[in-house]
Amino acid sequence: MTSATPTADVPPPPPRTDAPSAISGRAIRPGDRIFLGLSRGSGIALLVIMGAITAFLTYRSVIAISGDHANFFTTFDWNATGTEPKFGIAVLAFGTVVSSLIAMVIAVPVAVGIALFISHYAPRKLASPLGYVIDLLAAVPSIIYGLWGALFLVPHLTGLYSWLDDYLGWTGIFRYGDGAARSLFTVGILLAIMILPIVTSVSREVFLQVPRMHEEAALALGATRWEVIRMSVLPFGRSGIISASMLGLGRALGETMAVATVLSPSFLIGASLLDPGGGTFAQNIASKFNEADEFGRDALIASGLVLFVITLLVNGAARLIIARRKEYSGAAS
């Protein structure tokens, strides 16, 4: 007959004092404390810089708009000199939005197709160099795109313009007369080429994050490769595609040198996208800043504030879309 000997309760060991406290979240080690201070200071510095930029633009914009003798948002003219300056952003807003939308319509489908080819169709020996070339295109300076557009793209678009006029000229949107192809449609094509690497790179990375089990399950059920992409890849990457598109839109809205090199600026809004003329915020600021006086620069800063707000809204919307899916926001555990 055996009897169980009682065991005394052993107290737990005292907590280590050299480890960070999991309850309070305070870093004990000097390296953790330094890193926390640097990261927090960087975030605060970013907010201060953004606030300073916003305050500066707002202050100078109020000075310009208060001295404007016309409606700043609806005037089709830009005359910020003299005793009675009259200027407005109607033409600039129209040109910026239209050229960016043309770029998006052209670039997004092509970029998604390239991303799908690299991630799901191309062999590995071809996919890696092709992805490298796409990423390299994003590093080309905008002035190079502008020179290429002015010297090569503009002369070679007259045939396309004539074809559009023959078959779609009855709509009025694609009516084309004579003259160089320095229109908003040309600017849209050039911007599409410039934002293509951005949209392609982000979309490719999103497609590569699709769970392999989803694709294998679809293949096991007898789906073709296109059906796998349509039912598994595209639904999973929808938020990523939208986010990539909006990042490209932000680049198109603020492009300056390429647009200034290609576009023939004017403050008229034509019924046809192929009519020479038009303008954008960035192009107008770049072309008029050097010759403007103090008040004229304030007027240009006021137009820059509008572009600044539009760009912030676009990037903020892209961030919200990314945050809707934890896979892209970094919140996945």
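The values are calculated or read from the model by the stated rules, or taken from the named source; none is laboratory data. Nothing here was measured: the structure is a model prediction, and the numbers come from that model. Backbone-built Cβ (ideal geometry, glycine too); neighbour counts: all protein chains shown.
Observations, loosely collected:
- Test for GLY146: is it in contact (Cβ under 8 Å) with a residue 60 or more places away in the chain and surrounded by fewer than 18 Cβ atoms within 10 Å (Cβ to Cβ): no
Conditions (1) among the acidic types (Asp, Glu); (2) farther than 30 Å from LEU151 by Cα; (3) in contact (Cβ under 8 Å) with a residue 60 or more places away in the chain; (4) assigned to a helix (DSSP H, G or I), marked per residue:
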{"residue": "GLY188", "(1), (2), (3), (4)": "no, no, yes, yes"}
{"residue": "ALA192", "(1), (2), (3), (4)": "no, no, yes, yes"}
{"residue": "ILE195", "(1), (2), (3), (4)": "no, no, yes, yes"}
{"residue": "ILE198", "(1), (2), (3), (4)": "no, no, yes, yes"}
{"residue": "ARG204", "(1), (2), (3), (4)": "no, yes, yes, yes"}
{"residue": "MET213", "(1), (2), (3), (4)": "no, yes, no, yes"}
{"residue": "ALA217", "(1), (2), (3), (4)": "no, yes, no, yes"}
{"residue": "ALA223", "(1), (2), (3), (4)": "no, yes, no, no"}
{"residue": "TRP226", "(1), (2), (3), (4)": "no, yes, no, yes"}
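- Residues located in the stretch 217-260, provided they are crowded, with 19+ Cβ neighbours inside 10 Å and β-branched (Val, Ile, Thr): VAL228, ILE229, VAL233, ILE241, VAL259
- Hey, GLY179 under 22 Å from the mean Cα position of the chain (by Cα) and of a type outside the set (D, E, K, R) or not: no
- At least 2 residues being under 13 Å from LEU190 (Cα atoms) and either of a type in the set (A, V, I, L, M) or at pLDDT below 90 (or both) is the threshold, and among the helices (runs of 4 or more DSSP H) wholly inside the stretch 90-179 those reaching it are 90-116, 142-148.
- Residue in the stretch 48-65 that is over 17 Å from VAL306 (Cα atoms) and modelled with pLDDT of 90 or more present: yes
- Whether a residue is modelled with pLDDT of 85 or more and buried (at least 21 other Cβ atoms within 10 Å of the Cβ) was assessed, and GLY279 passes this test.
- The single condition from (1) within 19 Å of ALA323 (Cα to Cα); (2) touching a Phe, Trp or Tyr at 6+ places or on another chain (Cβ under 8 Å) that LEU190 fails is (1).
- Inside the stretch 177-198, residues that are more than 17 Å from SER99 (Cα to Cα) and buried (at least 23 other Cβ atoms within 10 Å of the Cβ) make up a count of 1.
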